[in-house]
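K.L.:
I'd like to ask some things about the structure below.
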Amino acid sequence: MSVPIPEHGTDRGRLLGEVRAAASGDVDWHGGRTFSLVYHHSDEHQAFLEQVVGSFLSTNALNPLAFQSLRRFEAEVVAMTAWLLGGDDGAAGTMSSGGTESIILAVKAYRDRARRVGRLAGGATPNLVLPVTAHPAFLKACHLLDVEPRLIEVAPELGVDVTAAAERVDAATIAVVGSAPNYPYGVIDPIPELAALAQQHDVGCHVDACLGGFLLPWVERLGRDVPPWDFRVPGVTSISADLHKYGFTAKGASVIVYRDAALRRHQFQVETGWPGGVWLSPTIAGTRPGGAIAGAWATLHAFGVDGYLDLHRGLLETTDVLRKGIDDIDGLAVLGDPPAGVFAVGSSTDEVDAYAVADAMEARGWHPDRLLRPPALHVMVTPVHADGVADRFLADLADSVEEVRGRPELSTQGQAAMYGMVATLPEGEHEPAEEFLLGLIDGLYEV
Ligand SMILES: Cc1ncc(COP(=O)(O)O)c(C=O)c1O
């Protein structure tokens, strides 16, 4: 597709109106109708972030020596994150554009370290041992870096089976992975056991806390039971933690922290043979938007520990309302016992199809995310779900369950049909569905 750029410029004021009008057709995240993608604290914080990010819109952390402000902000954000994650003075890391980039960086560091220490001698293919529930960013990293992913099954309520993981670790394993918590069920993998396994084989243990890094530490401080998962666990060697999720900063801000700077070295790229100059690049991106870094620094300072505790106390209250309300609905159940406001809601009886419930919720103006295994709705609680939104959600959920109860024909209609089909695809028969999904992506770029 090829479309000409408009011949003449348009008045900026008019364009501002046009882009705002275009956004009015987007999902109503501000009204709490979505359960992912947006982590909005308040209009006041948003206005503050617009100013901070706007002030750094043109800056570029590609050269932190030119932007000393960004160098300081990034170093301080990494150090504060390391502190929150139980790291000591030896901890070292960088910021990145998001969870996916942090994960790719960690896998690169482990692969390159394995090469450097001769672990991949004889051209062995490096492998990464990870639960099937780990975020697909790990699979992307494996594709990009020629690492073989070794996937381990997971029971929703338990996290990864460490005995099964142990059977897959071998001489070419570069690291084992656990999530804190995983996206699908909000459950924390058994990190101490995984880390011990990693230590036993002298490989890395990466904990993906993209969701939990700025969530679980507050939940623990607020007195809830949180199984051990951070640098306080011996053998955990790196953690990814996203500030643009439960840290409530502007998008484009994640942190990758290593237990020590020696491991971080394997993440970096330096080139001394490029005609264009001496090249140093800490992360994947070349140009690095300064606004995301300044926004993250300003957000950590704006909240402080007490601000985050207040915010997460509120999220736990909303979570408790939702969990109790769901327990009271006959036909639905939260999967496992996740420690915070990330969880899945599956059906507890054959009479109720979870995907049909999701479609009925969609008809009531909600945008529920859906899990494939098992069929379930997915919830991530943020401040927009307080103030009566949770109660309306529960009332609509109860009505939706009654609407679909005992109507198996609904599972072959609407989105339920598509999800049901994908969820039950036998192994080896995924290709047509993948081809269809690739076509969907192509279609997104139609003008
Ligand atoms: C557990 C987990 N890890 C990694 C990611 C990837 O983060 P991003 O979308 O910022 O790349 C996500 C995103 O939701 C996640 O839930």
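K.L.:
Say whether the condition of being assigned by TED's automatic domain parsing to the domain that holds LYS140, under 26 Å from ASP89 (Cβ atoms), in a loop (DSSP other than H, G, I, E, B) and in contact (Cβ under 8 Å) with a residue 60 or more places away in the chain is met by at least one residue in the stretch 293-310.
P.N.:
No, the stretch 293-310 contains no residue that is assigned by TED's automatic domain parsing to the domain that holds LYS140, under 26 Å from ASP89 (Cβ atoms), in a loop (DSSP other than H, G, I, E, B) and in contact (Cβ under 8 Å) with a residue 60 or more places away in the chain.
K.L.:
Follow-up. I'd like the full set of residues that are hydrophobic (A, V, I, L, M, F, W, C), farther than 16 Å from HIS244 by Cα, within 16 Å of the ligand (Cβ to nearest atom) and touching a helix residue (DSSP H, G or I) at 6+ places or on another chain (Cβ under 7 Å), limited to the stretch 86-122.
P.N.:
Narrowing the stretch 86-122 to residues hydrophobic (A, V, I, L, M, F, W, C): 91-92, 95, 103-107, 109, 114, 117, 120-121.
In the following step, the residues that additionally are farther than 16 Å from HIS244 by Cα were identified as 91-92, 104-107, 109, 114, 117, 120-121.
Still in the list and also within 16 Å of the ligand (Cβ to nearest atom): 104-107.
Listed by number, the residues that qualify are ILE104, VAL107.
K.L.:
Please determine, by comparing only the residues of the stretch 237-264 that are more than 16 Å from the ligand (Cβ to nearest atom) and touching a residue at least 24 places away in the same chain (Cβ under 8 Å), which one is surrounded by the fewest Cβ atoms within 10 Å (Cβ to Cβ). If you could, list the steps in order and put the result at the bottom.
P.N.:
Taking the stretch 237-264 as the starting set, the residues that turn out to be more than 16 Å from the ligand (Cβ to nearest atom) are 237, 258-264.
Retained after the next criterion (residues that are touching a residue at least 24 places away in the same chain (Cβ under 8 Å)): 237, 258-261, 263-264.
Details: THR237: 24, TYR258: 27, ARG259: 24, ASP260: 14, ALA261: 11, LEU263: 19, ARG264: 22.
Top of the filtered list is ALA261.
K.L.:
Give me a count of the residues in the stretch 38-85 that are within 30 Å of ARG221 (Cα to Cα), touching a strand residue (DSSP E or B) at 6+ places or on another chain (Cβ under 9 Å) and part of a loop (DSSP other than H, G, I, E, B).
P.N.:
Of the residues in that region, 2 qualify.
K.L.:
For the stretch 314-322, does any single residue satisfy the condition of being in a loop (DSSP other than H, G, I, E, B) and buried (at least 22 other Cβ atoms within 10 Å of the Cβ)?
P.N.:
No, the stretch 314-322 has no match at all.
K.L.:
If you go through the stretch 133-184, how many residues are within 14 Å of the ligand (Cβ to nearest atom), at pLDDT 95 or above and either small (Gly, Ala, Ser) or out of contact with any helix residue (DSSP H, G or I) (no Cβ under 8 Å at 6 or more places or on another chain) (or both)?
P.N.:
Total meeting the criteria: 12.
K.L.:
With respect to PHE48, is the statement that it is away from the ligand (no atom under 16 Å from the Cβ), surrounded by fewer than 23 Cβ atoms within 10 Å (Cβ to Cβ), touching a residue at least 24 places away in the same chain (Cβ under 8 Å) and outside the structural domain of ALA180 (by TED's automatic domain parsing) true?
P.N.:
yes
K.L.:
Would you be able to tell me the number of residues in the stretch 209-236 that are in contact with a Pro (Cβ under 9 Å, 6 or more places away or on another chain) and either surrounded by fewer than 24 Cβ atoms within 10 Å (Cβ to Cβ) or among the charged types (D, E, K, R) (or both)?
P.N.:
Total satisfying the criteria: 11.
K.L.:
What number goes with the only condition from (1) surrounded by 23 or more Cβ atoms within 10 Å (Cβ to Cβ); (2) part of a loop (DSSP other than H, G, I, E, B) that LEU105 does not pass?
P.N.:
All conditions are met except number (2).
Every residue, every condition in (1) over 19 Å from THR249 (Cα atoms); (2) not charged (D, E, K, R), yes or no:
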site	(1), (2)
HIS8	yes, yes
GLY17	yes, yes
ALA21	yes, yes
SER24	yes, yes
ASP28	yes, no
ARG33	yes, no
GLU44	no, no
GLY54	no, yes
LEU57	no, yes
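K.L.:
Only one of these conditions is not met by THR81: (1) more than 16 Å from the ligand (Cβ to nearest atom); (2) surrounded by 14 or more Cβ atoms within 10 Å (Cβ to Cβ). Which number is it?
P.N.:
That leaves (1) as the condition not met.
The values are calculated or read from the model by the stated rules, or taken from the named source; none is laboratory data. Remember, predicted model here, so these are calculated numbers, not experimental data. Ideal geometry is used to build each Cβ from the backbone, glycine not excepted, and the neighbour counts take in all protein chains shown.
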